[in-house]
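Undergrad: Structure incoming, see below.
The values are calculated or read from the model by the stated rules, or taken from the named source; none is laboratory data. Just so it is clear, the structure is predicted and the values come from calculations on it, not from any experiment. Here Cβ is always computed from backbone atoms with ideal geometry, including for glycine, and neighbour counts include all displayed protein chains.
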């Protein structure tokens, strides 16, 4: 959606940056609960602020380049 190239099978990727994401288990637990199965087309990606660096992650670089900030 953000790049204008969505199609029938596209999902919505959401980046969530929070200091509460201290490890993989905690991040998964916090993100999976609110999404649940009702939003199968929504894929959350969690980042701790110290890990949200475009110079260290192509994913973060893509988010900063094409993402739409919602909050």
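Undergrad: Among the residues of region 6-21, how many are without any contact (Cβ under 8 Å) to a residue 40 or more places away in the chain and under 17 Å from residue 53 (Cβ atoms)?
TA: Residues flagged as without any contact (Cβ under 8 Å) to a residue 40 or more places away in the chain and under 17 Å from residue 53 (Cβ atoms) within region 6-21 amount to 5.
Undergrad: Take residue 66 and decide whether it is surrounded by 15 or more Cβ atoms within 10 Å (Cβ to Cβ) and either at pLDDT 85 or above or touching a helix residue (DSSP H, G or I) at 6+ places or on another chain (Cβ under 6 Å) (or both). Give the steps one after another, and end with the answer.
TA: Numbers: surrounded by 15 or more Cβ atoms within 10 Å (Cβ to Cβ): no; either at pLDDT 85 or above or touching a helix residue (DSSP H, G or I) at 6+ places or on another chain (Cβ under 6 Å) (or both): yes.
No; evaluated as a whole, the condition is false for this residue.
Undergrad: What are the residue pairs meeting all of these: first residue in region 52-71, first residue closer than 15 Å to residue 16 by Cβ, second residue part of a helix (DSSP H, G or I) and at pLDDT below 95, Cβ atoms under 6 Å, and 6 or more apart or on different chains?
TA: Going by the 6 Å Cβ cut-off, the qualifying pairs are 52/60.
Undergrad: Do you know which of the residues in region 22-35 that are surrounded by fewer than 10 Cβ atoms within 10 Å (Cβ to Cβ) and at pLDDT 80 or above is farthest from residue 50 (Cα to Cα)?
TA: In this case the residue turns out to be 25.
Undergrad: What number of residues within region 36-57 are modelled with pLDDT under 90, loosely packed, with under 13 Cβ neighbours inside 10 Å and part of a helix (DSSP H, G or I)?
TA: Number satisfying all stated conditions: 2.
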